[in-house]
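Only one structure is covered here, and it is reproduced in the block below.
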Amino acid sequence: MPDQQHSDLIEHLSRITALSEAQSQQVVAEMLAFFNEDIESFIRRRHREMQQQGFSNTRIFAAVQAELSGRLFPAEQLTERKIRRTIYG
């Protein structure tokens, strides 16, 4: 759950949307979790999601590289090899 420092954001969301305070808290919690995801978790999650969509690893690795550079807090530039090592160890 978001802590006290996010109370202004929660109140703002409740005020400008049709969301209740509880729903606004959930939205903020989900956003914090999304942006606090570490690089390894992000890579593994995206690999799993794209595999389930039937993409080849070659396409997945290229997509993950591109997505990492567009994150709000960009990760270091990773090579395809480092992405593969993160997924498979």
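FYI, it's all coordinate maths here, none of it is from the lab. A quick note: this is a predicted structure, and the numbers were derived from the prediction, not measured. Neighbour counts are summed over all protein chains in view; Cβ atoms, including those assigned to glycine, are modelled from backbone coordinates with ideal geometry.
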Legend entry - Given charges at beta-carbon only (K, R positive; D, E negative), |dipole| of region 39-88 in Debye: 140 debye
Inset, instruction - Quick one: compute the contact order of the chain, relative version, from alpha carbon pairs under 8 angstrom and 6+ residues apart, as a percent. - result: 23 percent
Inset, instruction - Run the dipole for the chain about the Cα centre, Lys and Arg Cβ at +1, Asp and Glu Cβ at -1, nothing else charged, and hand back the magnitude in debye, nearest 20. - result: 700 debye
Inset, instruction - Between His12 and Thr79, with labels modelled 7 Å along Cα→Cβ, what's the label distance in nm to one decimal, could you check? - result: 4.2 nm
Inset, instruction - Give, in whole angstrom and from largest to smallest, the semi-axes √(5λ) of the equivalent ellipsoid of the chain, with λ running over the eigenvalues of the Cα gyration tensor. - result: 33, 14, 11
Legend entry - Stretchable slack from Ser56 to Ala29, in nm (0.36 nm times residue separation minus alpha-carbon distance): 6.5 nm
